[in-house]
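Engineer: Below are the C-alpha cells for one structure; questions will follow.
The values are calculated or read from the model by the stated rules, or taken from the named source; none is laboratory data. No experiment lies behind these values; they were computed from the predicted model shown. Note that each Cβ is placed from the backbone with ideal geometry, even for glycine, and that neighbours are counted across all protein chains shown.
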Amino acid sequence: MRRQGTFGCLDGALSQGADVLGGLDPCAIHRDPVAQLDGLFQLVEQHGRRLDLHLHSRVELGACELELVMERTRGMGLEWRVTIVHGFAPGDLPAARQRSLLAACGELAITWTTVAPPTGLPGS
C-alpha cells in the first residue's frame, strides 16, 4: 500500500503463472490493513490462486488482522486457499479468545504454519 504499482506487479506475476500470492503484516508494514487485504484477496479470487500471509503482530492488533482475514475468506468463499504464516497473536491472548479465533480459522479451513515467536521482544 505504501508503494504505487505494487498490486500491478503482483497481478502481473499471477498472470504469468505464480501459484501463490504472498502478503506481509497489513498493519505494521502497510498501515492500511483493510485496503491491503482487500487488494490481496481480490487478486487471489480473480486469479484462482492461494494466499500465503505472514502475520507478526501480537496481541489484539494481530487478532484484528486475523479477523479481517477471516471476514474476507468467508465473504469471498476462499476456504482452503488461505495460509497464515507465523500468526503469533493467538499465543498472546487469553485462552477463551485464543480458542475462539482458532476455531473460526478451522471452520474456514484457513491453514496455519508457524514457529515459536522470538523472545526478548516487547510483549513476549
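Engineer: Looking at region 38-71 only, could you name the residues that are farther than 15 Å from L101 by Cβ and either more than 11 Å from the chain's Cα centre (by Cα) or of a type in the set (D, E, K, R) (or both)? Steps first, please.
Structural biologist: Our first condition is that a residue be farther than 15 Å from L101 by Cβ; within region 38-71, this holds for 38-52, 54, 56.
Once the filter is applied, which keeps residues that are farther than 15 Å from L101 by Cβ and either more than 11 Å from the chain's Cα centre (by Cα) or of a type in the set (D, E, K, R) (or both), region 38-71 yields D38, G39, Q42, L43, V44, E45, Q46, H47, G48, R49, R50, D52.
Engineer: In addition: Tell me the residue from A35, A13 that is small (G, A, S), more than 11 Å from the chain's Cα centre (by Cα) and at pLDDT 95 or above, please.
Structural biologist: A13
Engineer: Just to check your reading of the model, which residue among V69, V82, V59 is closer than 20 Å to D25 by Cβ, modelled with pLDDT of 95 or more, β-branched (V, I, T) and in contact with a helix residue (DSSP H, G or I) (Cβ under 6 Å, 6 or more places away or on another chain)?
Structural biologist: Going through V69, V82, V59 in turn, the sole match is V82.
Engineer: Here's something else I'd like to know. For the subset of region 16-32 comprising residues that are within 28 Å of V59 (Cα to Cα) and charged (D, E, K, R), which member is modelled with the lowest pLDDT?
Structural biologist: Restricting to residues being within 28 Å of V59 (Cα to Cα) and charged (D, E, K, R), the top hit is R31.
Engineer: Inspect all residues belonging to region 54-65 and state whether any of them is without any contact (Cβ under 8 Å) to a residue 12 or more places away in the chain, surrounded by fewer than 20 Cβ atoms within 10 Å (Cβ to Cβ) and out of contact with any Phe, Trp or Tyr (no Cβ under 7 Å at 6 or more places or on another chain).
Structural biologist: No - not one qualifying residue is present in region 54-65.
Engineer: Enumerate the pairs (first residue in region 27-47 and in contact (Cβ under 8 Å) with a residue 60 or more places away in the chain and at positive phi; second residue anywhere and of a type in the set (A, V, I, L, M) and not in a loop (DSSP other than H, G, I, E, B)) with beta-carbon separation below 7 Å, excluding pairs fewer than 6 apart on the same chain, so at least 6 apart or on different chains.
Structural biologist: The qualifying pairs do not exist here.
Engineer: Would you point out which residue out of G87, G12 is loosely packed, with under 14 Cβ neighbours inside 10 Å and not hydroxyl-bearing (S, T, Y)?
Structural biologist: The conditions single out G12.
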